[in-house]
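A short worksheet on the structure shown next.
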Amino acid sequence: MLSISNLHVSVGDKPILKGLTLDVPAGEVHAIMGPNGAGKSTLGYAVAGRPGYEATQGGVSWKGEDLLGLEPAERAAKGVFLSFQYPIEIPGVPALTFVRTALNAQKRARGEEEVTAPAFLKMVKAASTALKMDFDMLKRPLNVGFSGGEKKRMEILQMALLEPSLLILDETDSGLDIDALRIVAEGVNALRSPDRAMLVITHYQRLLDYIKPDRVHVLAGGRIVASGGPELALQLEAEGYDKYAMEAA
Amino acid sequence: MNAFPLIDLKDASSFPSRRVEAWKYSDLRRHLREAPAPSPSATVPLVGGGPFEALGGEAMVFVNGRAVGETQMMVSGDKMVRLRLISRAQGTGHALTARLSVRAGAKLLLLESHEGHGSAYVAHNRLELDVARGAEVTRIVLTDEPADAMSITQAQVRVEAGGLYRQTILTTGAKLQRLETQVTHRARGADVRLDGVYVLSGERQADLTSVVDHVAADGVTSQLTKGVVRDTARGVFQGKIVVERGADGTDARMGHHALILGERAEIDAKPELEIYADDVQCAHGNTVGNLDEAALFYMQQRGIAADEARALLTQAFLIEVVDRIVHEGAREVVREWLTARL
């Protein structure tokens with residue numbers, strides 16, 4: 001279970017999250033929706049441990065373990081994966097090298113045996129075929145010159161290989177056309193499992209047609225202001241966020 | 001046009017101070033007020049064959065300035081030479097001059113290693129290299145010197161018509177370390193590449209200075225130097241390209257890019273282009289910055305610890321220079337050498 005209680009996060013001097021409380025049990029997919037500037041991306045960064053997004057109050061735990069005291073890489077080794085809205089380009093580091101380095105770093109941190117190069121190549125070939133990715137692309141520097149869709153697929157490929165237990169998808173649908181969206185959503189859906197929790201952050205309902213959430217939460221003014229079933233997403237799509245923006249203010 | 005004073009280790013009055021423009025950032029006189037006592041001839045037997053041993057080739061070896069074999073070489077055909085400049089001295093000084101002449105159409109891969117042992121020595125190395133018409137020379141330099149050593153290496157390279165000269169210097173610096181290259185395009189259509197990498201930590205300093213003189217037409221010069229400085233280290237890059245009257249059709253490009261990874265580390269960069277000819281293409285770029293914070297966080301988020309993420313990004317930044325080395329075997333040796341020093 002991901003358990004966030006009374007979380008306060010400031011960026012610089014500006015309070016962004018103001019007492020956010022949320023539980024996501026393992027095996028469930030929860031969507032976070034909300035207007036621009038509500039603090040959706042900040043939530044993802046705070047859980048993942050981005051410098052400059054430290055909690056000033058409250059707690060975040062995953063499977064009963066406190067996350068806030070851990071370095072970002074330690075959180076990753078505990079299973080936390082944040083899929084970036086705009087995945088970063090890393091010139092000079094081939095995608096394959098990057099993912100293998102990350103996977104083995106996580107395994108080392110958990111005291112597990114590292115993956116050998118041939119075993120890793122086999123894993124990558126299977127995963128990239130499932131995502132309809134060109135294997136040669138993975139020899140290029142990570143995300144450099146990749147299209148928006150390719151970058152998102154690269155994120156899903158990393159998820160498939162790193163096998164995180166807590167997935168946070170930050171605006172995964174942005175910049176994707178309908179075909180790319182379908183492939184990316186299939187990749188995410190393939191990772192659904194009873195011991196994984198997923199937090200899907202999105203502004204639009206569109207993504208939720210493909211990744212069906214168990215629960216939908218509205219984030220406005222730095223707090224969860226409403227929660228409900230999948231029907232809440234449809235209602236938001238029809239009515240907009242005005243009501244909640246007013247409430248939050 | 002020789003802007004560089006002649007240095008004689010036996011004569012302290014020949015040591016340039018920062019008042020000499022070309023030595024502004026490497027004040028030899030401040031560090032060395034008196035001529036050092038001459039280094040003894042090293043009696044210790046040589047161990048190993050230097051960092052390029054695995055590649056084979058012939059060896060040309062100097063220990064404390066004294067040649068073990070020849071000091072001059074005439075190269076014909078296709079040759080690989082390991083030029084090993086070994087210092088085994090404590091607080092003393094030594095100097096050497098090596099001459100290599102590469103005949104028309106010949107090929108030379110010159111693998112130069114500065115292997116410093118002992119402490120606080122002063123080394124002065126001079127290299128004269130003639131690249132005849134249509135000859136091809138690749139010079140790769142790896143320097144490993146103690147943090148309290150001082151060394152000055154001055155290479156003078158003359159390239160004749162259609163000659164090809166490629167140079168890559170990699171260094172971890174010393175107390176004061178100057179690696180100077182002067183190249184003259186003496187006849188039409190010479191092609192020159194001057195690359196460098198410096199990785200400096202502690203209180204080390206390295207000074208990569210070059211002067212490329214285009215006397216003849218249609219010459220190409222391409223320079224790429226990248227560096228990383230940590231702690232209170234100091235990197236110096238001075239690159240000067242002169243295009244003389246009549247050297248039309250010259251194509252010269254110079255890039256220097258550095259990362260400052262220590263709050264008190266320093267970079268001094270001085271790129272200069274002097275152009276007296278028409279119809280030339282010249283460009284230079286110079287950047288100094290820090291590692292990308294967003295990239296660091298992204299890597300950590302995927303499980304790569306902060307230190308490893310920094311090392312990976314640093315290596316990725318520098319490796320572009322190493323990738324320009326054409327000889328595969330040499331490139332791999334250099335890549336491993338660099339990776340071990342990040």
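The values are calculated or read from the model by the stated rules, or taken from the named source; none is laboratory data. Since we're looking at a predicted model, the values are computed, not measured. Note that each Cβ is placed from the backbone with ideal geometry, even for glycine, and that neighbours are counted across all protein chains shown. SASA here: full protein model, heavy atoms, side chains in, ligands and nucleic acids out. Shrake-Rupley method; radii C 1.70, N 1.55, O 1.52, S 1.80 Å.
Things to note:
- Checking each residue in the range A:34-52 for being assigned to a loop (DSSP other than H, G, I, E, B), open to solvent by less than 30 Å² (accessible area, probe 1.4 Å) and facing chain B (nearest Cβ under 10 Å) picks out only A:GLY49.
- Some residue of the range A:222-235 being buried (at least 19 other Cβ atoms within 10 Å of the Cβ), touching a residue at least 12 places away in the same chain (Cβ under 8 Å) and over 30 Å from B:GLY303 (Cα atoms): yes
- Taken over the range B:269-281, the criterion of being open to solvent by less than 50 Å² (accessible area, probe 1.4 Å) and within 22 Å of the chain's Cα centre (by Cα) is satisfied by B:ALA269, B:LYS270, B:PRO271.
- The number of residues in the range B:289-308 being touching a helix residue (DSSP H, G or I) at 6+ places or on another chain (Cβ under 6 Å) and over 14 Å from A:ALA73 (Cα atoms) comes to 1.
- Strands (runs of 3 or more DSSP E) fully within the range A:187-249 that include at least 1 residues being among the β-branched types (Val, Ile, Thr), over 20 Å from A:ASN6 (Cα atoms) and within 19 Å of the chain's Cα centre (by Cα): A:197-202.
- Qualifying residue in the range B:203-219 (condition: outside any strand (DSSP E or B), open to solvent by 10 Å² or more (accessible area, probe 1.4 Å) and free of Cβ contacts under 8 Å to residues at least 24 places away in the same chain): no
- Of the helices (runs of 4 or more DSSP H) lying entirely inside the range B:231-342, those containing at least 1 residues that are among the β-branched types (Val, Ile, Thr) span B:306-322, B:328-339.
- Residue pairs meeting the criteria (Cβ under 8 Å; at least 6 apart or on separate chains; first surrounded by fewer than 19 Cβ atoms within 10 Å (Cβ to Cβ), in the range B:248-268; second acidic (Asp, Glu) and outside any strand (DSSP E or B)): B:ASP248/B:ASP218; B:ASP248/B:ASP278; B:ASP248/B:ASP279; B:GLY249/B:ASP218; B:GLY249/B:ASP279; B:GLY262/B:ASP231; B:ARG264/B:ASP231
- Residue check, B:ALA283 farther than 18 Å from B:GLY235 by Cα and either modelled with pLDDT under 95 or away from chain A (no Cβ under 12 Å) (or both): yes
- Residue check, B:VAL243 buried (at least 19 other Cβ atoms within 10 Å of the Cβ) and touching a residue at least 40 places away in the same chain (Cβ under 8 Å): no
- Near pairs, Cβ below 6 angstrom, 6+ apart or cross-chain, from the range B:305-332 (facing chain A (nearest Cβ under 9 Å) and open to solvent by 40 Å² or more (accessible area, probe 1.4 Å)) to any residue that is part of a helix (DSSP H, G or I) and among the hydrophobic types (A, V, I, L, M, F, W, C): B:ALA305/A:ALA73
- A:ASP179 satisfies every condition listed in (1) in a helix (DSSP H, G or I); (2) in contact (Cβ under 8 Å) with a residue 60 or more places away in the chain except (2).
- Taking the range A:1-33 as the range and being within 17 Å of A:HIS203 (Cα to Cα) and surrounded by fewer than 21 Cβ atoms within 10 Å (Cβ to Cβ) as the test, only A:HIS30 passes.
- Matching residues in the range A:140-151 - criterion: being more than 14 Å from chain B (Cβ to nearest Cβ) and part of a helix (DSSP H, G or I): A:GLY148, A:GLY149, A:GLU150
- Every residue from the range B:224-237 that is open to solvent by less than 10 Å² (accessible area, probe 1.4 Å) and among the polar types (S, T, N, Q): B:THR225
So that you can scan it fast, the table gives a plain yes or no per residue for (1) open to solvent by 40 Å² or more (accessible area, probe 1.4 Å); (2) closer than 19 Å to B:ASP213 by Cα:
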site	(1), (2)
B:HIS124	no, no
B:ASP130	yes, yes
B:THR138	no, yes
B:ASP148	yes, no
B:GLN154	no, yes
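- The condition of being open to solvent by 30 Å² or more (accessible area, probe 1.4 Å) and within 14 Å of chain A (Cβ to nearest Cβ) holds for B:GLU293.
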